[in-house]
1. Does segment 238-341 classify as rounded, prolate or oblate by the C-alpha gyration tensor (a ≥ b ≥ c root eigenvalues; a/c under 1.5 gives rounded; else a/b over b/c gives prolate, otherwise oblate)?
2. Quick one, which of [x] 74, 54, 43; [y] 93, 50, 39; [z] 63, 43, 42 is the actual Cα extents along the principal axes in Å calculated for this model?
3. Over the Cα atoms of segment 76-172, compute the convex hull volume and normalise it per residue, giving Å³.
4. For segment 102-222, take every pair of Cα atoms, bin their distances at 5 Å starting from 0, and report each bin as a whole percent.
5. Given segment 235-296, what percent of its DSSP beta bridges are antiparallel, to the nearest 5?
6. What is the log10 of I(q)/I(0) for segment 166-271, computed with the Debye formula using one identical point scatterer on each Cα and no solvent, at q = 0.13, 0.22 Å⁻¹?
7. Given the Cα-Cα distance of residue 185 and residue 382 and 0.36 nm per residue of separation, how much length would full extension add, in nm?
8. Rounded to the nearest 5, what is the percent of antiparallel bridges among the DSSP beta bridges in segment 56-160?
């Protein structure tokens with residue numbers, strides 16, 4: 001197969017394949033997304049919004065960040081009143097969500113704001129430079145890696161972080177599990193399935209995952225490691241993971257025989273991971289059962305699992321829409337349409353999930369979880 005995209009990055013990938021006699025698909029994805037200054041997320045390129053490759057909820061309207069701020073204030077009032085609290089965003093991108101949250105806290109919850117320290121964790125120096133301008137009016141500290149974070153009390157959250165972690169691709173053939181490697185031949189790449197590693201087999205066993213014969217799907221070992229690190233860094237508080245995905249039972253159903261891995265380029269999606277290398281996003285659905293299971297190993301308890309629509313409506317989105325409707329002007333109706341996009345069934349409202357975990361917190365009830373979606377396979381986390 002011909003590999004296309006950034007020539008300098010392709011050259012580096014092919015040289016690495018030759019040197020090592022093949023690389024795992026996870027390593028290829030890591031190069032494509034995160035290679036310094038050349039990867040999709042580490043290069044100076046607009047990725048989000050009208051000129052990028054995809055939209056996030058915070059791109060559409062500040063209400064997403066405003067209602068998260070409302071939920072965070074409830075946590076402050078119940079569990080950290082009159083104490084210092086740290087809020088951490090991991091993979092904060094351009095800082096738009098951080099801006100909406102901090103602006104709302106500063107405006108509506110001054111006591112909370114006086115006690116909050118905000119830490120933005122972002123690998124891309126390009127994005128950090130953008131953030132430093134956008135967030136100049138707030139008390140923000142920047143880190144390039146979670147490893148550099150001290151143990152904190154407060155809230156750690158991420159928005160569309162786990163879906164962008166490099167994954168292994170696996171296949172079940174004649175009852176055995178294989179993982180995908182890439183080898184080089186005459187300047188092109190070929191796929192080569194090899195017996196799966198011990199780590200992959202342990203992951204499948206620990207989560208009781210038995211994929212159907214012939215299925216090709218993803219295993220995200222980095223997500224397993226990351227959620228445990230997050231739990232280790234949190235002494236007391238909550239973890240919010242906002243992303244798209246499902247529990248194990250739904251994720252590995254037979255109608256997903258090709259898995260969930262997709263590429264996004266200029267608001268269109270494709271399944272050719274080897275084109276536009278370094279120029280297109282590559283994502284996979286998050287296994288929320290894995291985040292719950294491995295989070296427990298570092299003390300994270302399950303608080304609740306919901307979708308974006310229920311979460312935002314629980315926190316008052318309907319009231320905001322009613323107020324806009326009463327105004328009755330063109331701008332208000334325009335905004336109502338944007339807000340509807342955030343909660344549409346079969347759209348962003350159902351696609352995006354919110355997993356909340358807590359540590360060393362008594363009575364962790366949250367308004368955002370007061371009414372939950374139907375507890376079917378799409379929402380029921382095994383073992384909780």
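Values in this text are rule-based calculations from the coordinates and carry no lab data. Just so we're clear, the structure is a prediction, and the values are computed from it rather than from any experiment. Here the Cβ is made from the backbone with ideal geometry for all residues, glycine too, and neighbour counts use every protein chain on show.
1. Judged from the Cα gyration tensor, segment 238-341 comes out oblate (a/c at least 1.5, b/c at or above a/b).
2. [z]
3. Taking the convex hull of the Cα positions in segment 76-172, it is 130 Å³ per residue.
4. 2, 8, 13, 14, 12, 10, 9, 9, 9, 7, 4, 2, 0
5. 75 percent
6. With one equal scatterer per Cα and no solvent, log10 I(q)/I(0) is -0.61, -1.31.
7. Taking 0.36 nm per residue and subtracting the Cα distance, the gain is 66.6 nm.
8. DSSP beta bridges in segment 56-160 are roughly 0 percent antiparallel.
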